[in-house]
1. Which numbered condition trips up S217, out of (1) modelled with pLDDT of 70 or more; (2) outside any strand (DSSP E or B)?
2. Tell me, yes or no, whether the stretch 41-50 has at least one residue that is free of Cβ contacts under 8 Å to residues at least 40 places away in the same chain, touching a strand residue (DSSP E or B) at 6+ places or on another chain (Cβ under 8 Å) and in a helix (DSSP H, G or I).
3. Quickly run through the stretch 136-161 and pick out the residues that are in a loop (DSSP other than H, G, I, E, B) and either more than 18 Å from G78 (Cα to Cα) or at pLDDT below 90 (or both).
4. Are any residues in the stretch 131-171 out of contact with any strand residue (DSSP E or B) (no Cβ under 7 Å at 6 or more places or on another chain) and surrounded by 14 or more Cβ atoms within 10 Å (Cβ to Cβ), and if so, which ones?
5. Pull up the stretch 97-116, narrow it to residues that are in contact (Cβ under 8 Å) with a residue 60 or more places away in the chain and either surrounded by fewer than 22 Cβ atoms within 10 Å (Cβ to Cβ) or assigned to a strand (DSSP E or B) (or both), then point me to the one that is nearest to the chain's Cα centre (by Cα).
Amino acid sequence: MALPSSGVLTLNDIQTEFGGTNPIDLSDYYRGGGLVPDSGLNAAIPTSGVISVSDFYGAANVIPINYAQTFAGTITNGASINIGTARSTRWVMIQGIGGGVRASSGSIGGVTAAFITGIQGTSGTCWMGWAKVPTGTTATVVLNVPSAPDCRVSTFDSVNSTYSGIFNTTVNFIGAQTSASTTNSFTVTDPGIVFSSIAAASPTGSTSTLTSTSPGSVTYNFPSSTNKGAMGYNITSTTDSRTWTYFGSSNSGFKSQPALAVMSVFFSAN
């Protein structure tokens, strides 16, 4: 619950909102210092120097997800990419698909990234890597592959030190099928964000889709017509039941390479 935007505001009110110990010392409540999130809601609170009770009008111990896409294209190993405005709560997510290239380790801005990867085929490959990168407006990306075709880089905010849920599997289908799908669910929070990818090992199909029961479904989608896969995300507020569907070509479907990689990772802002 946010602090009042006007009227009486006390040190006890600030401690109730943000926590802390007695005796209350305002210097414990600098923005980004551990108790007060570095967010737009708290922009009036200084990060150092002079601080007063009036700086806390309208402040809150929550942060919005603040999603933004900062890059789309091919990332060459060691390239510098845009990651937007520096802040202590900023995460950077890289989603990659296709080209038979699967990144499974590396770093973003010098911070070791966590990765999940799917099957690696001739062109249908998907992976995701993420790291909390609090400094800099650009970041050098180091990957264990020479290049990563068809990538999207996104930033978002979370006070948490890791993801809140993860799903990664390979689905095998027997015989020719014109379409196939698989579903998983996350218990999510508002605000939160789920990133998803889908790809076939050696695609014979035509396209892929991602859908979600969370309001707004997948709010932005990055389809890959060349590699027959998809990357997407959506902001969440209720239980997210996520379905990936891969559409095979008529009379062939999955009979050549019946392996499908599906993956998601969920982050909670607060």
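The values are calculated or read from the model by the stated rules, or taken from the named source; none is laboratory data. Just so it is clear, the structure is predicted and the values come from calculations on it, not from any experiment. Cβ placement follows ideal geometry from the backbone for every residue including glycine, while neighbour counts extend to all protein chains displayed.
1. So the condition that S217 fails would be (1).
2. Step one: of the stretch 41-50, the residues free of Cβ contacts under 8 Å to residues at least 40 places away in the same chain are 41-50.
Applying the additional criterion that residues be touching a strand residue (DSSP E or B) at 6+ places or on another chain (Cβ under 8 Å) yields 42-43, 45-47.
If we keep only those that are in a helix (DSSP H, G or I) as well, we get 42.
For the stretch 41-50, residues free of Cβ contacts under 8 Å to residues at least 40 places away in the same chain, touching a strand residue (DSSP E or B) at 6+ places or on another chain (Cβ under 8 Å) and in a helix (DSSP H, G or I): present.
3. In the first step, residues of the stretch 136-161 are kept if they are in a loop (DSSP other than H, G, I, E, B); the result is 136-137, 144-146, 158-161.
Result: P146, S158, V159, N160, S161.
4. G136, V145, V159
5. I116
Rundown of residues vs (1) modelled with pLDDT of 95 or more; (2) under 13 Å from the mean Cα position of the chain (by Cα); (3) assigned to a loop (DSSP other than H, G, I, E, B), yes/no style:
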site: D55; (1), (2), (3): yes, no, no
site: N61; (1), (2), (3): no, no, yes
site: Q69; (1), (2), (3): no, yes, no
site: A72; (1), (2), (3): no, no, no
site: G78; (1), (2), (3): no, no, yes
site: R87; (1), (2), (3): no, no, yes
site: S123; (1), (2), (3): no, no, yes
